[in-house]
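Here the structure is laid out as structure tokens; the discussion comes afterwards.
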Amino acid sequence: MNTFSTIIACLSLIIWLFLILFWGKFWLADRRINLDNTKLESYPAIWAIIPARNEADVLPISLPSLLNQDYVGSFSIALVDDQSTDDTTKVAKKTASALQQTEKINIISGKPLPNNWKGKLWAVKQGIDFANEQTPAPDYFLLTDADIKHDRHNLTQLVTKAETEHLDLVSLMVLLRCKSFWEKLLIPAFVFFFQKLYPFSLVNNPNSSIAAAAGGCILIRRQALENIGGIEAIAQALIDDCALAKAIKFNSDKKNKIWLGLTETTTSLRAYEDLKTIWDTIARTAFTQLNYSALLLIGTVLGMLLVYLVPPISIILGLAIHNYSFAIVGLLTWLLMTVAYLPTVKLYQISFFWALCLPAITFLYTLMTIDSAIKHWQGKGGSWKGRTYSKKVANSK
């Protein structure tokens, strides 16, 4: 028994050594847009597409952040009111009017959701279709959410990045809200896990098979979107941002260039005050990420236990049975995972104490993943803002 336990503890240590040394340096959390003063010879026409469903509470903050961008090129906004039951349209009009920017924003009343479309993507399509009919025609689309507060220079930096490096898609993982206890406990870990699943350095490498984007802020070249068949190509995707990045990067035989990074200045206004809110958000798509596979679910649960929970268990058992080598291996592994988590903790400007909690945090995320599968089997998966998406609709084409 001691031998088997030691092997398991050593395996956990080896996995962390591999992750830190060889898995795209994901843990450094160092991918940022270089804030230089590069000037373009000309600035392309941009249309921001904002799907908005019951977003009246955040629009007074998020919408001005787009209307007040310092972008010198042609810039317009299409806000699609996706069958809201609150004052989304009224608030959007009032906000734009107060800023004397009504000519820059177009508010579109969303049509009823057709079969085999995800609500957000259907709203995005309507916004894109409207923008494509305008003059000048858009060179890029900025796909963003109604709850994102953009830094004043964000659009200029995104466009400069895309134009100077010939990128078809540039995306930022916006800084999520991290104020409440549950946000501090779970939100930075979500970003950490996302980086581990999709190491940004590998996403940004055109020769890598990994593709991802963060849906809160995506700048995409119109021609690249048309080349994949438009937003219709991912109409059924529940995890639409990563599906879009994959479709763009691996269009036909050509590997297009995409880029994904972090930002400290463009932020999400979405609040996660309690555990249930975060739990429901994660459970909505966790099993989708596993392609609704029971085998992958079992493998994921065992993997999470091995990588994150074996180290503290090894310390406790090692001390209990006076096997100090066993305890030392567990301690070393826990220290490695803590060190790996620290850059993300620093990004969110919270105490390093939270980095020590990663095993407990992972346990909660594992329970959320299991709950995601249970909800799916009960026909309650993919629920968001009053809509529930079946497996058929949730899968990407």
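The values are calculated or read from the model by the stated rules, or taken from the named source; none is laboratory data. Computed from a predicted structure; not experimentally measured. Note: ideal-geometry Cβ built from the backbone for every residue, glycine included; neighbour counts use all protein chains shown. SASA here: full protein model, heavy atoms, side chains in, ligands and nucleic acids out. Shrake-Rupley method; radii C 1.70, N 1.55, O 1.52, S 1.80 Å.
Restricted to segment 42-57, and to residues that are in a loop (DSSP other than H, G, I, E, B) and within 20 Å of Ile220 (Cα to Cα), which residue is most open to solvent (accessible area, probe 1.4 Å)?
Here the answer is Ser42.
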**Request:** Tell me, yes or no, whether segment 82-105 has at least one residue that is closer than 26 Å to Glu226 by Cα and of a type in the set (S, T, N, Q).
**Result:** no
**Prompt:** Is there a residue being modelled with pLDDT of 95 or more, open to solvent by less than 30 Å² (accessible area, probe 1.4 Å) and acidic (Asp, Glu) anywhere in segment 148-156?
**Reply:** no
**Asked** Do you know which of the residues in segment 106-140 that are among the acidic types (Asp, Glu) and free of Cβ contacts under 8 Å to residues at least 60 places away in the same chain is farthest from Ser74 (Cα to Cα)?
**Response** Asp129
**Request:** Please work out which residue is farthest from Pro188 (Cα to Cα), limiting yourself to segment 248-279 and to residues that are open to solvent by 30 Å² or more (accessible area, probe 1.4 Å) and hydrophobic (A, V, I, L, M, F, W, C).
**Result:** Phe250
**Request:** List every residue pair whose Cβ atoms sit under 6 Å apart, with the two residues 6 or more apart in sequence or on different chains, where the first one lies in segment 76-99 and is under 20 Å from Gln134 (Cα atoms) and the second, anywhere, is surrounded by 22 or more Cβ atoms within 10 Å (Cβ to Cβ) and of a type in the set (S, T, N, Q).
**Result:** Asp81/Thr88
**Prompt:** Only one of these conditions is not met by Asn204: (1) closer than 30 Å to Val307 by Cβ; (2) in contact with a Cys (Cβ under 7 Å, 6 or more places away or on another chain). Which number is it?
**Reply:** (2)
**Asked** Yes or no: Lys118 among the basic types (Lys, Arg), open to solvent by 40 Å² or more (accessible area, probe 1.4 Å) and under 27 Å from Ile248 (Cβ atoms)?
**Response** no
**Request:** Please report, ordered by residue number, the helices (runs of 4 or more DSSP H) entirely within segment 312-397 with at least 3 residues that are at pLDDT below 95 and farther than 30 Å from Asn2 by Cα.
**Result:** 358-377, 391-394
**Request:** Output the residue which, of all residues in segment 290-311 that are open to solvent by 80 Å² or more (accessible area, probe 1.4 Å) and assigned to a helix (DSSP H, G or I), is farthest from Trp16 (Cα to Cα).
**Result:** Leu295
**Prompt:** Restricting attention to segment 60-69, does a residue exist that is part of a loop (DSSP other than H, G, I, E, B) and surrounded by fewer than 19 Cβ atoms within 10 Å (Cβ to Cβ)?
**Reply:** yes
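Regarding Ser97, is this residue assigned to a helix (DSSP H, G or I), open to solvent by 50 Å² or more (accessible area, probe 1.4 Å) and of a type in the set (S, T, N, Q)?
yes
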**Message:** Just to verify a result, which residue in segment 312-339, among those that are among the small types (Gly, Ala, Ser), in contact with a helix residue (DSSP H, G or I) (Cβ under 6 Å, 6 or more places away or on another chain) and farther than 25 Å from Gln195 by Cα, is surrounded by the most Cβ atoms within 10 Å (Cβ to Cβ)?
**Reply:** Ser314
**Asked** Which one is surrounded by the most Cβ atoms within 10 Å (Cβ to Cβ) among residues in segment 184-236 that are more than 14 Å from Ile248 (Cα to Cα) and among the polar types (S, T, N, Q)?
**Response** Gln195
**Complete:** Residue hits (segment 75-94; farther than 26 Å from Ala237 by Cβ and either open to solvent by 50 Å² or more (accessible area, probe 1.4 Å) or in contact with a Cys (Cβ under 7 Å, 6 or more places away or on another chain) (or both)) are Asp86, Asp87, Lys90, Lys93, Lys94
